[in-house]
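Data block below; observations after.
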Amino acid sequence: EFVHSRPFDDEIGAETVEFQGEETVNGEECFKIYVEYGVNRGKSTWLFAKSDLLPRRRIQHFSIPGQGDGTFAIEVTKLELTPAVDPAGFKTKLPEGYEQVADCAP
């Protein structure tokens, strides 16, 4: 969802969206939201931090006929909202053994 062009579009348009209270994830107080996307589209429980409303955990619920129900979770353990970025990391470096010229290639 962090890089999706329309983040949480599926969740906003889901068949069921239900507030399920609060829970702490890695020291962050979170809102717990249960989502049913629709017939055969799955179910998830999202935990959004109260401090910035960004996701900290997603629990996907699934059912395998004849085997039972299960879940798996994806969790953000370290989220840096304004990391320090060194501009030097974006400068191109000439590979060893090459020479920089001002002329265009033939």
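What follows draws every value from the coordinates through simple rules; no lab data is involved. Because the structure is predicted, anything quoted here is derived from the model rather than measured. Ideal geometry is used to build each Cβ from the backbone, glycine not excepted, and the neighbour counts take in all protein chains shown.
Give the long-range amide H neighbours of residue 61: residues separated by 5 or more places, or on another chain, with amide H under 5 Å away, using H modelled in the peptide plane at 1.01 Å from N.
43, 44, 45
Given the options 64, 12, 74, state which has the largest fluctuation in a GNM of the chain using a 10 Å cut-off (strictly under) for Cα springs.
64
For the chain, what does the relative contact order come out to in percent, with C-alpha contacts under 8 Å and a separation of six or more?
On the way: 144 pairs, mean separation 14.8, N = 106.
Relative contact order, the chain: 14 percent.
Between residue 26 and residues 5 or more places away or on another chain, which pairs have amide H atoms under 5 Å apart, with H built 1.01 Å from N, and which residues are they?
Correct list: empty.
Would you calculate, for the chain, the mean residue ellipticity at 222 nm contributed by helices, counting each DSSP H stretch of 4 or more residues as -39,500 (n - 2.57) and dividing by all residues, to the nearest 500? Don't jump to the answer; show the numbers that get you there.
Details: 1 runs with 4 residues, N = 106.
Rounded to the nearest 500, it is -500 deg cm²/dmol.
Say we join alpha carbon atoms closer than 10 Å with springs in a Gaussian network model of the chain; which of 86, 52, 69 then has the biggest fluctuation?
Looking only at 86, 52, 69, the largest GNM fluctuation is found for 86.
With springs connecting C-alpha atoms under 10 Å apart, model the chain as a Gaussian network and identify which of 93, 43, 78 has the largest mean-square fluctuation.
Taking springs between Cα atoms under 10 Å, the residue moving most is 93.
In whole Hz and in residue order, list the ³J(HN,Hα) couplings for the stretch 21-33 that follow from phi through the Karplus curve 6.51 cos²θ - 1.76 cosθ + 1.60, θ = phi - 60°; x for Gly and Pro.
Running phi through 6.51 cos²θ - 1.76 cosθ + 1.60 with θ = phi - 60° gives x, 10, 7, 9, 10, 6, x, 9, 5, 10, 8, 9, 10 Hz.
Set Lys and Arg Cβ to +1 and Asp and Glu Cβ to -1, take the dipole of the stretch 3-106 about its Cα centre, and tell me which of 27, 101, 74 lies farthest positive.
It is 74, whose Cα lies furthest towards the positive end.
To the nearest 20 debye, what charge dipole does the chain have about its Cα centre, counting +1 at the Cβ of each Lys and Arg and -1 at the Cβ of each Asp and Glu? Show your work: numbers first, answer last.
Values: 11 positive and 19 negative charges, 24 e Å.
I would put it at about 120 debye.
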